[in-house]
Each structure stands twice: as structure tokens, then as C-alpha cells.
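The values are calculated or read from the model by the stated rules, or taken from the named source; none is laboratory data. As the structure is a prediction and not an experimental result, all values here were calculated from the model. Glycine gets a Cβ as well: all are built from the backbone with ideal geometry, and neighbour counts include every protein chain shown.
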Amino acid sequence: MKIRNWKLKIGQTVSLRATKRSAAIFVLVSLCIVAGVIAALYFSHREPARALGTTKYAVNAGGNWQDNGTWSTVATKDASRVADTVAPTAEDDVVLDDYSGAVTIGATSVAKSLDMVGGGTYGQTLTHNAFTLTVSGSVKALWVKVWP
């Protein structure tokens, strides 16, 4: 392929003839650039990914509802349940079971659902200090104490 030096005079026009192959490459490159711009705009305005609908269990020691140290995502059925997550959000299911300690609502709090099951082996109670707990879904309260 030869490259020529062209000298153009003012007002002179040059017409270049494109081959079908070069036109196809131009269209393909243009589409890739447009797709990249659209993808960048789409993903730059999204919220960071996070788990939705996580089930959270109160740890054995219990604590304040709004404290991260009160909650676990592990449903161990013994005294080894330890904190490993953050306080419940409006998307989270909350379970207070036989292995949950006492939980106090010390600030306005939320949950998707609340399931209180079991006999309260660890002194399982849910108390509030004049704050509101808003549950958008179901609430189950099945605490049963059996006395000898």
C-alpha cells in the first residue's frame, strides 16, 4: 500500500472511497464505543451490591437491636453463636430462637419479618425503650415455657 502526500488547494474537495470491509469495521468499532458508554452510565449510577433478604439471628449474649454485635447470620443451635453481621434492615428477616439472648430496642428499628420461636433458653426477651420496631412482613410469636 502506497501512502501519497496530497497537496490541497483552498476550496478543493477530496472524495475517499471506502470499501465494504472498512465500512463494516467502522460500524463495529462505533457500536462497541456506544455500548461501552451506555454500560458505563448504567453501572455508574447503581447502588453497591449487597445481600438482600438476609436472615439474622440474635447472638447468645443478646444486646441492643441497633448494635452490629447483636446479630449473626449463622443459625447454630448451641452456645457458640457469635456476631458476624450488621444490624437488621428493612430487607432482613429476624429470628429470636432458643439460642438468642435478650434483645432491647434502643432506637427506632426495622425488619422485614420477625420470628420469635422457642422456649427462651437464654432468657429470650424482646424489650423496647419507647422506640418503634417496624416489621413490614409477618410476625410470629411462639414462645412457650414449660414448667415442671
| said: Condition first: closer than 21 Å to L142 by Cα, among the hydroxyl-bearing types (S, T, Y) and at pLDDT 85 or above. Now tell me which residues in region 97-124 satisfy that. | reply: T104, S113
| request: Using the structure shown, decide if V14 is β-branched (V, I, T) and modelled with pLDDT of 75 or more. | output: no
| query | Considering V86, V94, which residue is at pLDDT 80 or above, surrounded by 10 or more Cβ atoms within 10 Å (Cβ to Cβ), among the hydrophobic types (A, V, I, L, M, F, W, C) and touching a Pro at 6+ places or on another chain (Cβ under 6 Å)? | reply | V94
| Close pairs from region 108-127: first within 12 Å of D92 (Cβ to Cβ) and of a type in the set (D, E, K, R), partner crowded, with 16+ Cβ neighbours inside 10 Å and at pLDDT 90 or above, Cβ under 6 Å, at least 6 apart | K112/D92; K112/D93
